[in-house]
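Worksheet for the structure shown next.
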Amino acid sequence: MVEARVAQLTGVYAVSALGRGADAQLAGVLAGVPAFGPVRRFDTAARRVTVAATLPEVGTLTDELAAAIDAACRAAGLDREGRIGCALLLAVHGGPATGPAPAVLANRLAARCGLSGHTRVYTSACVSASTAVADAAAQITRGDVERVVVAAGYLVEPDQFALFDAGRALAVDGAVRPFSAGRRGLLLGDGVAAVVLESSSGRRRGGADPVATVAGWGRAGDAFHPCQPEPGGTGLARAVGGALRRAGLAPQAVGYVNANATGTAQSDAAEAAALRRALGGHATDVPVSSTKSVHGHALEASGLLELVVTALALRHGELPVNAGWQGPDEACPLNVITTAPRRTAVTHALTLNAAFGGANTALLVGVG
């Protein structure tokens, strides 16, 4: 009998306001200290909100992405020869920007980092990176490729900051409070990440041990409203159900959820409804938190940054706290991790993302 191919994470790297490198991300989310502070990168004098989670010293997005890709490849044990024929899936913002167009950027990064396989760009807002990971895992499990690099990046900049501020989506109290009573909105944050996914059937001599597996993935749309989530969470629930079916697991196998929860009233309540719909009674038992409460919302890069911290936390056996908590909200009856990181021996976790236009993704991570 032919052994089923599994997509394994063999190299991970990430940068956020929590610091540089995978270890800094894990330490930051477990410390639970929000990284929000005054924005110094551009003028915010005309804005209602003036804070975000930004690194004090940061290069161009191109340079940060190239460094992340190189670091993830090194962590996976991929030298220049090992990168030949490797694909690059890139998630970045698709609108006007000061840098190169996304397709041009992807080709430049591939050439700079020695990745000579195909390139593909994802510009589908806040599900960009998680969609790229799902596509990479699908390519690997089908046997189309042996390995794929997925990279994603967003650095807080004035245009998107102004749009979210004008739309009154940013938290005027300077804190992100997912699922909490009194939550006021989201805050943006820097995020650049890269991961190497490889087939379990094509293990390389001297290759790195896997950090985790992408055991399942699901994608679904609800097309309810250009910006507002569908109140019943039907699209996100279908995405969770798809991830569980692909992994062949029951809802009770989920031991942790790194929620999309941005700290906005409608989206957090809709996500809680989605979890109840998808997980049934287990939704009130499974530990839940949103690491956006400490590193902010990295838009197109959120899915990859959160995949990295979820995989690392699961492997470490300690679940991140949900910062900013002020008290329960009856619209979000979940087992939120509110006071300190929680020790665990669970083997599977969900990381969820949702975007404008009703796009929803679920990635099921496994360890052990």
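The values are calculated or read from the model by the stated rules, or taken from the named source; none is laboratory data. Note that the structure is a prediction, hence the values are computed from the model and not measured. Because the Cβ atoms are built from the backbone with ideal geometry, glycine has one as well, and the counts that use them run over all protein chains shown. Accessible surface is based on the protein model in full, side chains and every heavy atom, while ligands, DNA and RNA are left aside. Shrake-Rupley method; radii C 1.70, N 1.55, O 1.52, S 1.80 Å.
Quick look at the numbers
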{"item": "Fraction of accessible area attributable to carbon and sulfur, the range 99-179 (%, probe 1.4 Å)", "result": "52 percent"}
{"item": "Kirkwood Rh, Cα atoms: Rg over Rh of the chain", "result": "0.94"}
{"item": "Cβ-based charge dipole, the chain, positive-most Cα from PRO178, GLY85, PRO287", "result": "GLY85"}
{"item": "Label zone at ARG142, where the point sits 7 Å out along the Cα-to-Cβ direction: the range 211-250 residues whose backbone N lies under 16 Å", "result": "217-219"}
{"item": "Summed side-chain charge close to HIS93 - residues other than HIS93 whose Cβ falls under 12 Å, Lys, Arg +1, Asp, Glu -1", "result": "-3"}
{"item": "Integer Hz, Karplus 6.51/-1.76/1.60 couplings in order for the range 46-53, x for Gly and Pro", "result": "8, 9, 5, 10, 10, 10, 7, 9"}
{"item": "Calculated [θ] (222 nm, deg cm²/dmol) that DSSP helices of n ≥ 4 give over the chain, each run adding -39,500 (n - 2.57)", "result": "-9000 deg cm²/dmol"}
{"item": "In sequence order, calculated HN-Hα J values of the range 339-351 (Karplus, 6.51, -1.76, 1.60; Hz; x Gly/Pro)", "result": "10, 7, x, 10, 5, 7, 10, 5, 10, 9, 9, 9, 10"}
{"item": "Cα pair count fraction exceeding 24 Å, expressed as % - the range 275-368", "result": "19 percent"}
{"item": "Computed label-point distance, nm, for sites THR339 and THR50 using a 7 Å Cα→Cβ extension", "result": "3.7 nm"}
{"item": "Dimensionless Rg over Rh [the range 101-233; C-alpha; Kirkwood]", "result": "1.03"}
{"item": "³J(HN,Hα), Karplus 6.51/-1.76/1.60, whole Hz, each residue of the range 26-37, x for Gly, Pro", "result": "4, 4, x, 6, 6, 5, x, 9, x, 9, 7, x"}
{"item": "Hydrodynamic radius by Kirkwood, which averages 1/r over all alpha carbon pairs of the range 94-141, in angstrom", "result": "11.9 Å"}
{"item": "Sorted peptide list for 346-355, 325-334, criterion being average Cβ within 10 angstrom, highest first", "result": "346-355, 325-334"}
{"item": "For GLY216, distant residues with modelled amide H under 5 Å away", "result": "LEU364"}
{"item": "Total charge dipole magnitude, the chain, about the Cα centre, Cβ charges on Lys, Arg, Asp, Glu only, Debye to nearest 20", "result": "420 debye"}
{"item": "Rotationally averaged projected area of the range 5-162 (alpha carbon convex hull; nm²)", "result": "9.9 nm²"}
